[in-house]
Every structure is written in structure tokens, then in C-alpha cells.
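To start, the structure itself, in C-alpha cells.
Every read-out reported here was derived from the displayed coordinates using simple, explicitly stated rules and does not represent laboratory data. Every value quoted in this text rests on a predicted model; they were computed, and no experiment measured them. We place every Cβ from the backbone using ideal geometry, glycine too, and count neighbours over all the protein chains shown.
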Amino acid sequence: MSQTYDIQLAGARELPDQDPELATLLDQELDYETGVLAMVAHASVAPPSVLAAAGTVLSNVTAEGYPGRRYHPGAEWFDAIERLAVSRAQAAFGARYANVQPHSCTAANLAVEFGLLAPGATLLGLHLDAGGHLTHGAPASVTGRAFHSVSYGLDDAGLIDYDRAAELARAHRPGLIVAGASAHPRRIDYQRFRDIADEVGAYLLADISHIAGLVAAGVLPSPVDIAHVTTTSTYKQLGGPRGGLILMGAEHATLGPDGRTPLSTLIDRAVFPLTQGTPNAAAIAAKARALDVVATPGFKATAHRIAADATALADALIARDWPVLTGGTDNHMVLLDVSRRGLTGAIAELALSDCGILANRNRIPGDTRPPLVAGGLRLGTNILAQRGMEPADMTTCAELVVRVLDAVEPVSDTEYRLDPDVRKGVLDEVADLCRCFPIPGYPQTTP
Ligand SMILES: *Cc1c(COP(=O)(O)O)cnc(C)c1O
């Protein structure tokens, strides 16, 4: 074992004595994660080696700038590690450019938007209520304040309304169009968006935060050579540390709005110094580790299982008469309209989590309820597939979800009653299921 890990082992041994309060909470978190049926669509579990890489002496390194061009001394090994992370990101996505410094996908999106748009310029993105992300121009986000934000939505079938997006682009002449979603179960047509962008002279940003693993594995088509810039989180399907990533393919040398500076240079400057300071060196080491895992056949197999599981989960829910939006899924995500069954998203989320099942409330198209109540429930199969569950096992998962939702009696928008026998029965079965499918590399600590 490398000496780096002598420090981690020493730290792990000292922690319970030095700080029993924190050590106990961390153990409880591990117990919780291993014993809960996590079907939250954004979540995944990081392999132990990614967690180890995130907790190294690289935490001690402070160095602004990029490899070979730092504003501080002593970054020789960090330079080598950042270069490794960049080359692995390029390899994983077939990209020509990668920036591994964004602290999150939010930070990555802000860098791209502020790097390519002047304040007050027009940004066109998917509306938050239609499944878009805050950073795509929502009023509650700085992106909705700094830019003139225009939003497209969904058609009657719940699919992205490309015709409307094209109309809005012609009418408002955005400088940047964002294609991507936090809550959309269907494939996105990046070429269609690129055609719209070309027609009005806009740049195209593809935000694949939720689906980056499926894209890297080839389960979903890649926007990297179609969009000008692609962004993602590293902790969702990539199973990496908290963080973000910016990628460019065919357009990396295209000139920016000034007609002189290549996009790659603009985006480097947009991350640092425009929107961030020192990079998180330890997180970059963990990104390097995670992106190496992404290149393995095992990761690819899991990605295929994620998508197959989601399809099976949607089918099983439909078979039990629960309204699945768009009638199915192309990715890892299933959206349920629980309002049509007299529930709110909040009640569905709370009742399920009481029974050891995690899925989150989500607004759905046409939702009249406030975001904290919502009329939808968003489910995902990332962790189920990471635990080794196959499409056939989705019948069990769907049955557990439905058993809870069918039994819930709403009292208000956020309060409910649930038969204690149902709760106990589901909790027991969830514990069994979690024991049968342990998280790879994690101790299964539930009794
Ligand atoms: C989660 C998400 C983000 C934000 O990612 P963070 O890394 O949590 O900041 C951005 N865009 C989309 C589409 C997302 O789903």
C-alpha cells in the first residue's frame, strides 16, 4: 500500500478517539446508505478508491491557475494529477478539451454562461417547471438575473417542444442555448438544438449532468461533438467526487464572441479567474480516479443495466396502474404523476422514505402546486444497478413503491397516515433486498 494511505489509516484510527461525535455520525451515515433502497435519480455511490483519492494530502495544495501556469509554487505533482484527470476525461468522452476544475456543475454552467455571454445578453433554456435546471436561466438563480432569460417547454406528450424552442430563438436571438435537463426521461435531440443555434448565431451548451454515465458508456448519444460546450457533474452517474467538468469536442478551437479567442481559452479563463479561485486539488485526484473507472467494461455494463432497469421499472409501475410520464423512459429516470392518484409529491417522498425507499418530489408539466409540495415523484435506477439489480428485480422494487403509495392516506398537502403494518412489512423487505444486493466494496452493516 502506498504511504499516502498510512496517513488515511492513522486518521481513521484516531478519529473515533479524537472526535467520537463525528465518527459516530459518519458510521450512522454508512449504515443508512447501505440499508436504504436509494432510487433518487441523481444519486450514485462512489467506489472506495474514489473516496480514498478524495481524502489525500492533496488537500494541502493551494495553487491557482492551470498545470504549468500556476500562480503559486509547489504544484509539480498536482500539475501531473490535473493533467491525468484531463486526459482521462478526454478519453472517457472522446473530447478534445476538458476542464476538471469546476467545483460543481452549477459552477461549470456559470463559467460557460458568463464566459460566452455579456451580462444582459439572452439565454434560452428549458423551463425549470418542465425539468430544466436552475442554472438554465431560472429567476431564483443568478443566471436568471444576469441574463435576459427565455424558456422553452414541453409539448402535450411531455417531450421537448423543439418547434417552440426554434420560434423563441428566432424571436429573441439568444447568444447561448442550453440543452439538458434535471427531470426529463427522454432522449434529447442535440443536433436539432445545434441547427436552431446555427440558424440564429447562438452557441450551444449541452448539460449532461444527469446522464453523463449513459453518454460515456454509449447508451445515450453524445453531444460532445455537436454542442460547442458540454458540462456535467462528476458525482451523479460518473460515481466521482462532488464536482463538475467541462468538455469540448469538434468546436474546441472555434473562435469566441470576440472573433479572436478560441473557445478553449475562453472557457479556461471563464473558470479561473472569472468565476472560481483555487481549484480543489483533492477532488481533482478523485475525478481522475473516477474517470479511469468510467473507461472500464464494468462501468459500461452497469450503465447498460441502469437503462434496462429504468425501462423495466417504468413498465412495472404502468402495469400496476401508476401514471408514468411520457409512458416510459430512455434513460435512468422515471417520472410519476402522483397527483392523478390524489397524492402530492411531498407525501409520496415522505411516506416512501419512512419505509426505507428514497425518491424525490418533483414538479411535473402543468403543476399548480408549489415546488415544496409538487405533483410528481422522480425515481432513478443508478444505485439499484450499481448494487447489481437486474431488470427482473425491478418488479420487486416497483411492488414495494406501489405498496406504500397505494396505502398512503393524505391528511394535508404534506401530512399523511400510513398503516404501521404496511410500513413494517416494506421496511423488512427493503432490508432483505439491501442485504441481497450490497454496494460493491462497502461493508453491508445492516443487521
Ligand atoms: C444537478 C444538475 C446540475 C447542478 O449540478 P451540481 O454539481 O449539483 O451543481 C446542473 N445541471 C443539471 C441538468 C443538473 O441536473
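For the range 171-176, in order, what is each residue's ³J(HN,Hα) by Karplus, 6.51 cos²θ - 1.76 cosθ + 1.60 with θ = phi - 60°, in whole Hz (x at glycine and Pro)?
6, 10, 6, x, x, 9
I want the local charge near Tyr190. Using Cβ-Cβ distances under 14 Å, sum +1 for each Lys or Arg and -1 for each Asp or Glu among the other residues.
Result for the local shell: -3.
Output ³J(HN,Hα) for the range 36-43: one whole-Hz value per residue in order, computed from phi by the Karplus curve 6.51 cos²θ - 1.76 cosθ + 1.60 with θ = phi - 60°, and x for Gly and Pro.
Coupling constants for the range 36-43: 10, 8, 7, 10, 7, 5, 7, 7 Hz.
Show the residues, 5+ positions off or on another chain, whose built amide H is closer than 5 Å to the amide H of Ile364.
Here the answer is Gly375, Gly376, since their amide H atoms fall under 5 Å of that of Ile364.
Sort 72-82, 117-127, 372-382, 237-247 by the packing proxy (mean of other Cβ within 10 Å over each peptide's residues), most packed first.
Final packing ranking: 237-247, 372-382, 117-127, 72-82.
Between His148 and residues 5 or more places away or on another chain, which pairs have amide H atoms under 5 Å apart, with H built 1.01 Å from N, and which residues are they?
Gly120, Ala121, Thr122, Leu123
Report, for the range 58-294, the % of DSSP beta bridges that are antiparallel, rounded to 5.
Bridges in the range 58-294 are about 40 percent antiparallel.
Rounded to the nearest 5, what % of DSSP beta bridges with both residues in the range 297-436 are antiparallel?
Bridges in the range 297-436 that DSSP calls antiparallel: roughly 100 percent.
Using only Cα atoms, locate the centre of the range 145-212 and the centre of the range 385-417, then give the distance between them in Å, rounded to an integer.
33
Which of Leu266, Leu418, Leu134 moves the most in a Gaussian network model of the chain with Cα springs under 10 Å?
Comparing Leu266, Leu418, Leu134 in the GNM, the peak value goes to Leu418.
For a quick protection proxy, order the peptides 207-216, 6-15, 249-258 by their average other-Cβ count within 10 Å, most packed first.
207-216, 249-258, 6-15
Provide the net charge surrounding Asp406, with neighbours chosen by a C-beta distance below 12 Å and charges set as Lys +1, Arg +1, Asp -1, Glu -1.
Its environment carries a net charge of -1.
Leu220's amide H: which non-local residues (gap 5+, or another chain) put their own amide H closer than 5 Å, with H modeled 1.01 Å from N in plane and none for Pro or chain starts?
HN-HN under 5 Å from Leu220: Val215.
Can you classify the range 385-447 as rounded, prolate or oblate using the Cα gyration tensor, where a ≥ b ≥ c are the square roots of its eigenvalues, rounded means a/c under 1.5, and otherwise it's prolate if a/b beats b/c and oblate if not?
prolate
With Cβ to Cβ distances under 15 Å as the rule, what net charge do the other residues near Glu167 carry (K, R +1; D, E -1)?
-1
Give a residue-ordered list of calculated ³J(HN,Hα) values for the range 69-82 (Karplus: 6.51 cos²θ - 1.76 cosθ + 1.60, θ = phi - 60°; whole Hz; x for Gly, Pro).
Residue by residue, the range 69-82 yields 9, 8, 9, 9, x, x, 10, 4, 7, 4, 3, 5, 6, 5 Hz.
Nearest 5 is fine: what % of DSSP beta bridges in the chain come out antiparallel, could you say?
The antiparallel proportion sits near 55 percent.
Among Ala92, Val45, Gly115, pick out the residue whose Cα is farthest towards the positive end of the charge dipole of the range 41-125, where Lys and Arg carry +1 and Asp and Glu carry -1 on C-beta, about the Cα centre.
Of the candidates, Ala92 comes out farthest on the positive side.
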